[in-house]
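For reference, the structure is listed below as structure tokens.
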Amino acid sequence: MTEKSILDYFGSVDRPQRLYCGRCEKLMHLDFVHLQERITGVRFDIVGIPALRCSCGNLEWPDRSKFAILELHRKAKEKETGRVTSTRTKPNKKYAFSNVPFEYDSDDYENIPGLMRPWDDGFLTPVFFKRDALLKFEHHPNYEVKFASATYGTIYSTEPSFYISFGINENSLLVMWLGDIAKLPETEQWQGFRSSR
């Protein structure tokens with residue numbers, strides 16, 4: 001096993017973390033990998049650590065994974081163990097925006113760049129639905145659905161007055177933020193959506 005520098009895992013510190021590959025600029029996907037490397041004197045064997053993977057083969061680390069690797073490395077050096085072995089447990093955290101038990105993965109919120117923020121914890125958690133969930137809103141007199149592009153749009157409500165942005169992902173699933181969904185009346189949340197995760 002070839003030893004690598006801890007900096008090899010983090011790439012350029014000048015580049016802000018993005019969801020697009022630093023090598024080819026394609027969209028990266030959240031993956032859970034088995035880290036088996038020797039890094040600056042410490043052998044890592046961690047199962048299920050979040051990473052961003054590109055179809056070009058590039059692998060980048062979300063900030064939370066970087067911090068975890070750094071902290072585990074520091075502790076291993078401090079204790080002079082030279083080894084880190086761990087199997088990550090998925091957090092499956094739930095956020096208190098709605099009484100409706102939507103299915104979502106808190107790992108998406110915590111590891112996809114640009115979603116996590118220090119206020120409204122969990123607001124930007126993506127929730128995925130079948131695209132036909134839009135049909136009700138397209139044909140309901142109190143709602144108007146407008147597409148700004150083929151993959152992005154907004155649902156406008158007149159009673160009560162609010163709007164919710166949405167996207168269509170590469171798997172043709174409707175993507176909405178958990179905090180935005182909570183703006184809908186609870187009866188609409190129960191009737192209007194069926195999670196597709």
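Among the residues making up the stretch 86-102, those that are of a type in the set (Ser, Thr, Tyr) and surrounded by 11 or more Cβ atoms within 10 Å (Cβ to Cβ) are SER86, TYR95, SER98. Would you say TYR109 is at pLDDT below 95, buried (at least 17 other Cβ atoms within 10 Å of the Cβ), of a type outside the set (Val, Ile, Thr) and within 25 Å of SER172 (Cβ to Cβ)? The answer is no for TYR109. Restricting attention to the stretch 131-155, the residues that are assigned to a strand (DSSP E or B) and either within 16 Å of GLU170 (Cα to Cα) or not acidic (Asp, Glu) (or both) add up to 10.
Restricting to the stretch 57-81, name every residue that is open to solvent by less than 30 Å² (accessible area, probe 1.4 Å) and either at pLDDT below 90 or among the hydrophobic types (A, V, I, L, M, F, W, C) (or both). Within the stretch 57-81, TRP61, ILE69, ALA76 meet the criteria. Checking every residue in the stretch 97-104 against the condition of being aliphatic (A, V, I, L, M) and touching a Gly at 6+ places or on another chain (Cβ under 9 Å) gives zero matches.
Scanning the stretch 120-161 for residues that are open to solvent by 70 Å² or more (accessible area, probe 1.4 Å), without any contact (Cβ under 8 Å) to a residue 12 or more places away in the chain and under 28 Å from the mean Cα position of the chain (by Cα) yields ASP132, LEU135, GLU138, LYS146, PHE147, ALA148. Residues of the stretch 1-18 that are open to solvent by 90 Å² or more (accessible area, probe 1.4 Å) and modelled with pLDDT under 70: MET1, ASP8, VAL13, ASP14. Taking the criterion of being surrounded by 12 or more Cβ atoms within 10 Å (Cβ to Cβ) and acidic (Asp, Glu), the only residue of the stretch 170-183 that qualifies is ASP180. Somewhere in the stretch 101-119, is a residue farther than 30 Å from LYS26 by Cβ, touching a strand residue (DSSP E or B) at 6+ places or on another chain (Cβ under 6 Å), in contact (Cβ under 8 Å) with a residue 24 or more places away in the chain and not in a strand (DSSP E or B)? No, because not a single residue in the stretch 101-119 is farther than 30 Å from LYS26 by Cβ, touching a strand residue (DSSP E or B) at 6+ places or on another chain (Cβ under 6 Å), in contact (Cβ under 8 Å) with a residue 24 or more places away in the chain and not in a strand (DSSP E or B). Number of residues in the stretch 47-56 that are open to solvent by 90 Å² or more (accessible area, probe 1.4 Å) and within 15 Å of the chain's Cα centre (by Cα): the value is 1.
With the structure loaded, tell me whether LEU59 is touching a strand residue (DSSP E or B) at 6+ places or on another chain (Cβ under 7 Å) and under 24 Å from VAL175 (Cβ atoms) or whether it fails that test. For LEU59, the condition - touching a strand residue (DSSP E or B) at 6+ places or on another chain (Cβ under 7 Å) and under 24 Å from VAL175 (Cβ atoms) - is met. GLY167 fulfils the conditions (1) open to solvent by 20 Å² or more (accessible area, probe 1.4 Å); (2) under 23 Å from HIS29 (Cα atoms); (3) without any contact (Cβ under 8 Å) to a residue 24 or more places away in the chain except for a single criterion, (1).
The values are calculated or read from the model by the stated rules, or taken from the named source; none is laboratory data. Everything numeric in this text was worked out from a predicted model, so none of it was measured. Heads up, the Cβs are rebuilt from the backbone with ideal geometry, glycines too, and the neighbour counts pull from every protein chain shown. Protein only, heavy atoms only, side chains kept; ligands, DNA and RNA dropped before computing areas. Shrake-Rupley method; radii C 1.70, N 1.55, O 1.52, S 1.80 Å.
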